[in-house]
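No lab work stands behind these numbers, since they all come straight from the coordinates. The structure presented is a predicted model; accordingly, all values stated were derived computationally and were not measured. Using ideal geometry, Cβ is built from the backbone for each residue, glycine included, and neighbour counts are taken over all protein chains shown.
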Amino acid sequence: MFTRLEEPWRLCRRPLVEYVEKIAEILRRAKSSIAFTGAGISTESNIPDFRGSQGLWKKFDPRMASRCYFEEDPKGFWNFYAMRYNAIANAKPNDGHIALAELEKKGYINSVITQNIDTLHTKAGSKSVIELHGNIIWSRCDLCSAERRTIECIEELESSDSPPTCKSCGGLMRPSVVLFEEPVKLMEVAMDIAVRSDCCLVVGSSLTVYPAAMVPEVVKGQGGALIIINMDPTPLDYRADVVVREKASIVLKKLVEVLS
Ligand code: APR
């Protein structure tokens with residue numbers, strides 16, 4: 001069990017190294033730690049987040065990532081996802097992704113549970129990655145679930161100026177990601193991991209989207225430690241043991257150095 005650290009670790013600005021050493025101390029003591037990541041860990045790979053200062057939802061209606069928009073305007077939906085795919089396709093893992101892979105290799109974290117669809121954790125070398133919202137590399141037929149690479153679907157969209165269809169049944173293709181109004185299929189897997197963890201390292205998430213944001217809540221709720229590395233406040237800051245308002249890559253890179 002982790003007793004709650006005194007207030008100052010969450011509210012006042014201390015030298016970064018003190019936060020990193022506190023996080024390292026918690027990870028050393030923990031028996032089973034997980035990382036829970038959101039779009040904020042990928043902004044340093046030039047993939048915009050959603051609710052940060054330059055977030056996608058400041059420019060686009062979140063409805064564009066919903067099931068009902070896909071059904072209402074599949075072409076508009078695919079134009080939006082083609083734009084997102086192009087931002088992701090050439091992105092490279094940054095120091096934050098690489099550091100989490102390193103922490104897994106050193107045995108300090110067991111899994112990364114991510115809300116991201118950019119596959120950068122896997123590209124960085126993390127082995128146990130739960131992609132709660134799927135990933136954008138593959139698309140599937142909305143009728144028969146036949147799969148096609150998303151790049152192929154985008155090429156069809158651009159050449160035919162209509163939404164891509166299934167080669168087997170002619171149904172509409174859609175990216176294999178979880179849309180708003182759709183169930184998060186891997187939630188049971190994530191919950192099973194969370195209930196067996198006594199430390200959750202949150203990196204780059206506003207912790208505003210459920211059920212994904214239940215993961216850190218479950219770990220904290222059963223007496224585990226909660227660490228939040230995020231540039232903006234989150235609804236779980238008040239329950240966290242450590243809150244760091246700093247770029248993920250800077251904190252995580254230093255954390256690997258301290259734990260080496
Ligand atoms: N380092 C640390 N934090 C960062 C960085 C960074 N380099 N860049 C951005 N952030 C923070 C922002 O301050 C923001 O609070 O990351 C957080 C990202 O929050 P969101 O944009 O809400 O992303 P996320 O939490 O992943 O959203 C969850 O919402 O729209 C849906 O499906 C989408 O998976 C997504 C879900």
Karplus ³J(HN,Hα) for region 104-112 (6.51 cos²θ - 1.76 cosθ + 1.60, θ = phi - 60°; Hz, whole; x = Gly/Pro) runs 5, 4, 7, x, 8, 10, 8, 8, 10
Once both labels are modelled 7 Å past Cα along the beta-carbon direction, what's the Arg14-Asp61 spacing in nm? 4.7
Give the aspartates and glutamates reachable from Lys127 as a straight Cα distance under 12 Å; neighbours fewer than 8 places away on the same chain don't count. Glu102, Glu104
Selection from Leu103, Ser176, Cys153, by position along the positive dipole direction of region 99-205 (Cβ): Leu103
Fewest-first sequence of Cys199, Cys169 by Cβ atoms within 10 Å of each Cβ: Cys169, Cys199
Once phi is turned into ³J(HN,Hα) by the Karplus curve 6.51 cos²θ - 1.76 cosθ + 1.60 with θ = phi - 60°, what whole-Hz value does each residue of region 45-50 show in order, with x for glycine and proline? 9, 6, 10, x, 8, 10
Within region 26-66, DSSP-loop trypsin sites (Lys or Arg not before Pro) with at most 14 other C-beta atoms within 10 Å are Lys31, Lys59
Please work out the FRET efficiency for the pair Ser32 and Glu182, using the Cβ-Cβ distance as r and a Förster radius of 41 Å; give the result to the nearest 0.05. 0.90
With charges set only on the Cβ (+1 for Lys and Arg, -1 for Asp and Glu), what does the dipole of the chain come to about its Cα centre, in debye to the nearest 20? 640
Once the piece of chain linking Glu152 and Glu25 is laid out straight, how much longer is it, given 0.36 nm per residue of separation minus the C-alpha distance between them? 41.0 nm
Alpha carbon centroid spacing (whole Å) that separates region 139-162 from region 167-207: 21
Suppose only helical runs count, i.e. DSSP H with n ≥ 4. What mean residue ellipticity at 222 nm does that imply for the chain under -39500 (n - 2.57) per run, divided by all residues and rounded to the nearest 500 deg cm²/dmol? -10500 deg cm²/dmol
Out of the trypsin sites (Lys or Arg not before Pro) in region 145-228, which ones are loop residues according to DSSP with at most 11 other C-beta atoms within 10 Å? Lys185
Placed amide H near Cys199: partners under 5 Å, 5+ positions off or other chain: Ser32, Ile34, Ala225
Taking every DSSP bridge whose two residues both lie in region 136-227, the antiparallel percent to the nearest 5 is 70
Other-chain or far-sequence residues with amide H under 5 Å of Met173's (modelled H): Asp142, Thr165, Cys166
Tell me, what HN-Hα J-couplings in whole Hz come from the Karplus equation 6.51 cos²θ - 1.76 cosθ + 1.60 at θ = phi - 60° for each residue of region 164-181, using x for Gly and Pro? x, 10, 6, 6, 8, 10, x, x, 6, 7, 8, x, 7, 10, 7, 8, 4, 6
Among Asn86, Ala213, Ser139 - extreme Cα towards positive end, dipole of the chain, charges at beta-carbon: Ala213
Filter Lys185/Lys247; Lys185/Lys220; Lys123/Lys253; Lys105/Lys253 down to the pairs with a C-alpha to C-alpha distance above 19 Å, please. Lys185/Lys247; Lys185/Lys220
